[in-house]
Amino acid sequence: MSPLRTLFAALLSLSSVSAWAQLPDAEADAPEAESAKAEEPEAPLTVAPCNAALPALRTPLAFMPGEVLEFDLDAMGAQAGTMTMRVHKQKDGHLPIQVEAQTNTFFSKVRRVRGSATAYLHPRTLRPNRYVEDTMENEQRRKVEVAFGQKERTVKVDYQFGQRPKGQFNYTFDKDGLDVAGAIYLLRQLPLKDDLQVCFDVYGVRRMWRMQGAVVKREQVTTPLGQFNAWHVTGTAVRLDRPKQKREVHVWISDDARRLPLAAVGTIDLGAVRATLTSVSRPGEKPQKSEGQETMKW
């Protein structure tokens, strides 16, 4: 399993972040021409709609251009690779968030993966306009470009895997439509508090998922970077066209001005996957790095 798939599972059932954010889903790697039935919904849409849109975001932003976050990715108890999340300067009216991930030496013996994904967010609302992925898995290149129509609530997905013909999907979303990378930064800006309910639709693995969750409580956690007071957010992501496919997700966000994504744990059929923050670099601040092999405790 690639770290990109690990990320999707760990972040929101999701990510990815990033294709860079693929689940270990047989469909994700199956040839598109296999059968029409493979792309048909199993049943009419039965996923409950969101009761309300996401709340207004906190200001000012907890992050800024130049911030770099580094994570270790673990799959089923073994380290799988690393991931970096980077905030770039605004360009053409958008705030680019870039995520890069790659397998380590051990996992590369099974599947060698190096990929990136970039979300182009509105600098105030943090809603995506575009989301692009570019990944090499062994010798096969995977490219995906996603266009969000926020007013129309539409999502257009163009993709190509290796030398296969290009493909396209068209989706709609309910009240909020996000991408897996940008979703983490939007979560950092929510007015987190006990029992806060969250619901939104998120793109990942060429599909749309509905994430329904809540803030469980404020906890003290120990991470490779030290001890933090953190908000524990938990939820379930349900694939909109196949409601039987669900992924449980847990995310810990520091309760301070930086609102750091300390860790994310997701479940897949084979077990748990996790992304753990190990390094923080921000303009004007002393870099913070893990000096040991400590694991997160909560």
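Since every read-out is calculated from the coordinates, none of them should be taken as a lab result. Just so it is clear, the model here is predicted, and its values are computed rather than measured. We place every Cβ from the backbone using ideal geometry, glycine too, and count neighbours over all the protein chains shown.
Please report Rg (one decimal) and Dmax (integer) in Å for the Cα set of region 123-262.
When restricted to the Cα atoms of region 123-262, Rg and Dmax are 16.8, 50 Å.
Restricting attention to the alpha-carbon atoms of region 207-269, what are Rg (one decimal) and Dmax (integer), both in Å?
13.6, 41
Output ³J(HN,Hα) for region 163-175: one whole-Hz value per residue in order, computed from phi by the Karplus curve 6.51 cos²θ - 1.76 cosθ + 1.60 with θ = phi - 60°, and x for Gly and Pro.
9, 5, x, 5, x, 8, 10, 10, 10, 10, 10, 7, 8
Whole-Hz ³J(HN,Hα) for each residue in region 50-55, computed from phi via Karplus 6.51 cos²θ - 1.76 cosθ + 1.60 with θ = phi - 60°, x for glycine and proline: what do you get?
So the Karplus estimates, Gly and Pro as x, are 5, 6, 7, 6, 5, x Hz.
Using the per-residue mean of other Cβ atoms lying within 10 Å as a proxy for protection, in what order, highest first, do the peptides 120-128, 147-155, 233-241 fall?
Values: 120-128: 18.1, 147-155: 14.9, 233-241: 20.2.
Descending mean neighbour count gives 233-241, 120-128, 147-155.
Roughly speaking, what is the centre-to-centre gap between region 175-213 and region 233-285 when only Cα atoms are used, to the nearest Å?
Taking the Cα centre of region 233-285 as reference, the centre of region 175-213 is 11 Å away.
Sort K246, K289 so the one with the fewest other Cβ atoms within 10 Å of its own Cβ comes first. Can you show the working numbers first?
Working: K246 15, K289 12.
So the ranking, lowest neighbour count to highest, is K289, K246.
Give me Rg/Rg_expected for region 136-182, where Rg uses Cα atoms only and Rg_expected = 2.2 N^0.38 Å with N residues.
Values: Rg = 12.9 Å, N = 47, 2.2 N^0.38 = 9.5 Å.
Dividing the Cα Rg of region 136-182 by 2.2 N^0.38 Å gives 1.36.
For region 87-102, in order, what is each residue's ³J(HN,Hα) by Karplus, 6.51 cos²θ - 1.76 cosθ + 1.60 with θ = phi - 60°, in whole Hz (x at glycine and Pro)?
Coupling constants for region 87-102: 9, 9, 5, 4, 9, 6, x, 10, 9, x, 10, 10, 10, 10, 9, 8 Hz.
In percent, what relative contact order does region 42-198 have, based on Cα pairs under 8 Å that are 6 or more apart in sequence?
Working: 298 pairs, mean separation 28.2, N = 157.
Result for region 42-198 is 18 percent.
Mind giving me the nanometre distance, one decimal, between the label points for K193 and A78, set 7 Å out from Cα along Cα→Cβ?
About 4.6 nm, to one decimal.
Hey, can you rank 176-187, 256-267 by average C-beta count inside 10 Å, highest first? Working shown, then result.
On the way: 176-187: 26.2, 256-267: 20.5.
The densest-packed peptide leads the list: 176-187, 256-267.
Length gain on complete extension for the stretch Q150 to T59, per 0.36 nm per residue less the alpha carbon to alpha carbon distance?
Values: separation 91, 0.36 × 91 = 32.76 nm, distance 2.15 nm.
Working it through step by step, the gained length comes to 30.6 nm.
Cross-link list K89/K286; K175/K289; K91/K246: which exceed 27 angstrom alpha carbon to alpha carbon?
Details: K89/K286 20 Å; K175/K289 38 Å; K91/K246 36 Å.
Exceeds cut-off: K175/K289; K91/K246.
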